[in-house]
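FYI, it's all coordinate maths here, none of it is from the lab. Computed from a predicted structure; not experimentally measured. Here the Cβ positions follow ideal geometry from the backbone for every residue, glycine too, while neighbour counts run over all protein chains shown.
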Amino acid sequence: MNKPDYISYKDWELLNNKYSSKQLEEYFNKNYPYQYLIGNVDFCNNLIKVDERVLIPRFETELLVNEVLNFLKEKQIKNLKIVDLCTGSGCIAISLKKEFDCTIDAVDISNEALELAKINALDNDVEINFINRDILKDDKYYKYDVVISNPPYIEETETVGISTKYEPQIALFAKDNGLEFYKKILKNYQAKLYAFEIGYKQKDSIIKIAKNIYPKSRIIAKKDYANFDRYIYIINE
């Protein structure tokens, strides 16, 4: 079969070395994600293993990480403590840990996801504290320098790409118009910086939530490669 336009020549070569043309055709006819077939993705120049236990890291999320790195380099916080909520494959936590001497907790409700995230941390030679926790049911209060999260934010009634049916649905959809995780995180986690990836229709709602909890905060919204509202940074100075 011919190479699909959305697959790089390098990835196409990897796929053809691993699978027959017939196998690839069957997978693509089912819209199966090619990243799972390869078994890994490049995220912030780190090789991250992926399979159906975790959401496939997107290029857009690299921008979220880069903004946090720029913030931390400017602030030079000592004894830096970071938490990555809904860590999935661990790609965010791993990328930050490689750049800073810091303590990083990586939290997820899925033990299966954490199993793979631990492998990724080991493969990338970084030490991260992985924690199995349902943050929506946890009413404890936590304090960090940085809270970063790409949580589930798709509304339950929203139509999504057919290939996402192979990804863990718990990592995609959220109640309350996709806002439940942002509300819970802002309520239970105190930080100097919150860095969120968001749904393209959620900017105004999340800013309102943040202002109600932190009226003196500085809030910055930024767009992704496709010019959609995709990131919110909440700074408490």
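A few points about this structure:
- Within the chain, antiparallel bridges make up roughly 40 percent of the DSSP beta bridges whose residues both belong there.
- Residues I170 and N66, FRET efficiency given R0 of 30 Å [Cβ-Cβ distance, rounded to 0.05]: 0.65
- Between helix 59-75 and the chain: long-axis angle, C-alpha atoms, 0 to 90°, nearest 10: 30 degrees
- Those chymotrypsin sites (Phe, Trp or Tyr not before Pro) in segment 1-49 that DSSP places in a loop and that have at most 11 other beta carbons within 10 Å: Y6
- Length released on extending from N2 to E115, taking residue separation times 0.36 nm less the Cα-Cα span: 37.2 nm
- Taking 0.36 nm per residue of separation and subtracting the Cα-Cα distance, full extension of the segment from K223 to Y27 would add 67.3 nm.
- Under 5 Å between amide hydrogens, built in the peptide plane, is the criterion, and for I7 it picks out nothing among residues at least 5 positions away or on other chains.
- Listed residue pairs exceeding 19 Å between alpha carbons, taken from K75/K203; K97/K223; K143/K183: K75/K203; K97/K223
- Applying the criteria of a DSSP loop state and at most 15 other Cβ atoms within 10 Å to the GluC sites (Glu not before Pro) of segment 116-188 yields E127, E156, E158.
- Taking trypsin sites (Lys or Arg not before Pro) across segment 190-237, the ones in a DSSP loop with at most 11 further Cβ atoms lying within 10 angstrom of their Cβ are K216.
- Counting all C-alpha pairs of segment 40-136, share separated by more than 20 Å (%): 31 percent
- Kirkwood analysis of the Cα pair distances in segment 59-235 returns a hydrodynamic radius of 16.5 Å.
- Rg and Dmax of segment 9-49, both derived from C-alpha coordinates alone, stand at 10.8, 33 Å.
- Our coupling estimate for segment 15-27, obtained by passing each phi through the Karplus curve with A = 6.51, B = -1.76, C = 1.60 and θ = phi - 60°, is 5, 6, 6, 9, 10, 7, 4, 5, 5, 4, 4, 5, 5 Hz, Gly and Pro reported as x.
- Treating r as the C-beta distance of K98 and D51 and R0 as 25 Å, the FRET efficiency rounds to 0.65.
- The angle separating the long axis of helix 203-213 from the principal Cα axis of greatest extent in the chain is about 30 degrees.
- Legend: calculated FRET efficiency, I213 to D134, from the Cβ-Cβ distance at R0 = 22 Å, rounded to 0.05, equals 0.55.
- Cα centroid separation - segment 180-237 against segment 8-77, whole Å: 26 Å
- Only alpha carbons enter this Debye calculation for segment 165-237, each as an equal point scatterer, and the log10 of I(q)/I(0) it gives at q = 0.15, 0.17 Å⁻¹ is -0.51, -0.65.
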